1. Look at Glu121 and say whether it is over 42 Å from the mean Cα position of the chain (by Cα) and either surrounded by 10 or more Cβ atoms within 10 Å (Cβ to Cβ) or part of a helix (DSSP H, G or I) (or both).
2. Out of Ser80, Ser99, report the one residue that is of a type in the set (Gly, Ala, Ser) and either modelled with pLDDT of 90 or more or not in a helix (DSSP H, G or I) (or both).
Amino acid sequence: MLGVAAVWEAVTAVCLVVITLCILATAAGILFVVFKAKSILVKVSGHIKPIAERSQRILETAERTADSAGERVQHIAQRSEETVAFIGDRVRSTTALISDLVSHPLISAAALAAGVRRVVETLTSQSDRTTSQH
């Protein structure tokens, strides 16, 4: 019969073999997961690359559109300023013309009315003097 020490060594050896097999199985499992993850990443990368390229083209198009819109807005703002200045000049010219056409005749009419009133006052005062002398 084998001695206790020999049995203990056999059990220890079996345990070491089992532990080694567990470690190898764990390492194999880790390698399997790593290779599977790599395969998935390659597939995902294959799907992401066209999306990234398309996104880049969309961003470039959006940038060109924004630049074009900015230029158009700037052009519209410049034209608006020119239009406002033109309208302001026209309003000033129209105001000056109306002032000339209306104010001068009104001033002349007021002067004429004042002159007529003076004549009437003068004639009335002379008529009153003549009547009072008789």
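The values are calculated or read from the model by the stated rules, or taken from the named source; none is laboratory data. Not measured: the values here are computed from a predicted model. No Cβ is skipped: glycine too gets one built from the backbone with ideal geometry, and neighbour counts run over all protein chains shown.
1. yes
2. The unique qualifying residue is Ser80.
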